[in-house]
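The structure appears right after this line, and notes come after that.
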């Protein structure tokens, strides 16, 4: 138990109901995390996101490009057991609840039981974390594994720490940064003898080493996760992630984090082993942000995915937990207000994401097709394809990293994945119709993949149904002919959201 945790003794002498709940803190944190996610899942059945849709649409595969395999393996096997994506979302809810429990276990080593419980309630109601853990994103699996790994390492339970860290390392590359942190902590404890060095490598790097040996590199051929190039523009990534962290943290939690940071500095908590381990991991994470090869938007040097802020959000909540001890009166009232604010923000966030026209219309289209399409009927979806500039940027980055050979390998990756239109994938994910009935005949842009199109088979040209998006642009002759066939034909159903329109045609 750290010096910081010793101060929790006064907290334990709080209200009688707090002392009564003490044995059940972990159970409460788990149930709150699970309940909140189930509530949002059933309130908002629309699945949002980009990578989340790609995973579900490719549930017949385990390996997807450079993505680590843990989550996709779960998606694959759960989809084989049940074609209902709701089962996968239930798994995500369980993973989110488990992450809250692991956060409580880790925080208990730092803050003491009651303060850790209060901080865990803040984590369980963190809106950004909640929102991205009700659809298949890997970050929550990474956090659960990291929290557990650090907790076990604090208690010198090295085998359990290695197993937990390995699972985190199979979820996100960021977790790999914890490997040297735990290895050094192990060596300090056991000594820097060759046998202990080998043992630490096996304990804490088995997952990254296995992945690297399997692929012959950090990522499969034609893909990349990090790059050594650097520009001053990349420093803006810190500003962006800081903004995401502040924007998606409830104001009361931010207010608690301020005195928490002051206590951290004043009490020199960095001298304590657990805090020092966490600080080293955070420092490595911040350095790695500058090396990420997957920039976002139209300014990849300045932006990375907002989901990188998961680590910073967890750090903010933990700092707020330190700040909780500064509050002498109305502590539980503040925790309750902060948690309710977080739940309101999570509800608003998911409501905004799921109401976006492409997501909402895809869901409505899938529901209509499920009600009207019978077995044996084929549906062709005419939707806008993946933007050519995004594909070209991916290929150009591969070429810069490894020349023409790397570009050719990256092109093979794109062809292997198929990269069907996102709105087609969204309909597919929400529909009971499989890929045999619900199809896209889109091809990659000729500017990216010259003369690469689907075979013009007769069954493709005579579908029973055609779904036409208003922003559709044909990518090949087959799509052009299908659009001509529905031109002037009265649609069976028209769905609209803002300026976007989906027309559903019955062809026979």
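The values are calculated or read from the model by the stated rules, or taken from the named source; none is laboratory data. This is a predicted model, so every value here is computed, not measured. Cβ coordinates were reconstructed from backbone atoms using ideal geometry, including for glycine residues, and neighbour counts include every protein chain displayed.
Observations on the model:
- Test for residue 20: is it surrounded by fewer than 19 Cβ atoms within 10 Å (Cβ to Cβ), modelled with pLDDT under 95 and in a helix (DSSP H, G or I): yes
- Among the residues of the stretch 394-417, the ones that are on the phi > 0 side of the Ramachandran plot and touching a residue at least 12 places away in the same chain (Cβ under 8 Å) come to 0 in all.
- Hey, residue 270 surrounded by fewer than 16 Cβ atoms within 10 Å (Cβ to Cβ) and under 22 Å from residue 151 (Cα atoms) or not: yes
- Tally, over the stretch 188-231, of residues that are within 29 Å of residue 290 (Cα to Cα) and not in a helix (DSSP H, G or I): 17
- Number of the condition not met by residue 368 [criteria: (1) within 30 Å of residue 507 (Cβ to Cβ); (2) at pLDDT 95 or above; (3) out of contact with any strand residue (DSSP E or B) (no Cβ under 9 Å at 6 or more places or on another chain)]: (3)
- Filter pass, residue 390 being closer than 30 Å to residue 45 by Cβ, out of contact with any strand residue (DSSP E or B) (no Cβ under 6 Å at 6 or more places or on another chain) and not assigned by TED's automatic domain parsing to the domain that holds residue 480: yes
- Among the criteria (1) part of a helix (DSSP H, G or I); (2) within 29 Å of residue 226 (Cα to Cα); (3) touching a helix residue (DSSP H, G or I) at 6+ places or on another chain (Cβ under 6 Å), the one residue 92 does not fulfil is (3).
- Any hit, the stretch 185-201, residues being surrounded by 15 or more Cβ atoms within 10 Å (Cβ to Cβ), without any contact (Cβ under 8 Å) to a residue 60 or more places away in the chain and closer than 30 Å to residue 93 by Cβ: no
- Pairs with Cβ under 6 Å, 6+ apart, first in the stretch 466-488 and free of Cβ contacts under 8 Å to residues at least 60 places away in the same chain, second exposed (fewer than 13 other Cβ atoms within 10 Å of the Cβ) and in a loop (DSSP other than H, G, I, E, B): 478/456
- Scan the stretch 378-417 for residues that are within 25 Å of the chain's Cα centre (by Cα), part of a loop (DSSP other than H, G, I, E, B) and farther than 23 Å from residue 298 by Cα and the total you get is 0.
Residues are listed down the side, and each one gets a yes or a no for (1) assigned by TED's automatic domain parsing to the domain that holds residue 293; (2) touching a residue at least 60 places away in the same chain (Cβ under 8 Å); (3) in contact with a strand residue (DSSP E or B) (Cβ under 9 Å, 6 or more places away or on another chain); (4) surrounded by fewer than 21 Cβ atoms within 10 Å (Cβ to Cβ):
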site: 65; (1), (2), (3), (4): yes, yes, no, yes
site: 73; (1), (2), (3), (4): yes, no, no, yes
site: 77; (1), (2), (3), (4): yes, no, no, yes
site: 82; (1), (2), (3), (4): yes, no, no, yes
site: 86; (1), (2), (3), (4): yes, no, no, yes
site: 89; (1), (2), (3), (4): yes, no, no, no
site: 94; (1), (2), (3), (4): yes, yes, no, yes
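- Yes/no for residue 126 being free of Cβ contacts under 8 Å to residues at least 60 places away in the same chain, farther than 19 Å from residue 275 by Cβ and either assigned by TED's automatic domain parsing to the domain that holds residue 338 or surrounded by 24 or more Cβ atoms within 10 Å (Cβ to Cβ) (or both): no
- Lone unmet requirement of (1) under 31 Å from the mean Cα position of the chain (by Cα); (2) more than 25 Å from residue 355 (Cα to Cα); (3) surrounded by 15 or more Cβ atoms within 10 Å (Cβ to Cβ); (4) modelled with pLDDT of 90 or more for residue 435: (3)
- Conditions (1) crowded, with 22+ Cβ neighbours inside 10 Å; (2) in contact with a strand residue (DSSP E or B) (Cβ under 8 Å, 6 or more places away or on another chain); number of the one not met by residue 313: (2)
- Unmet requirement for residue 243, which otherwise passes all of (1) assigned to a helix (DSSP H, G or I); (2) surrounded by 15 or more Cβ atoms within 10 Å (Cβ to Cβ): (2)
- Scanning the stretch 351-377 for residues that are within 21 Å of the chain's Cα centre (by Cα) and surrounded by fewer than 16 Cβ atoms within 10 Å (Cβ to Cβ) yields a count of 4.
- Only residues that are under 23 Å from residue 175 (Cα atoms) and either outside any helix (DSSP H, G or I) or free of Cβ contacts under 8 Å to residues at least 12 places away in the same chain (or both) were counted in the stretch 45-60, giving 2.
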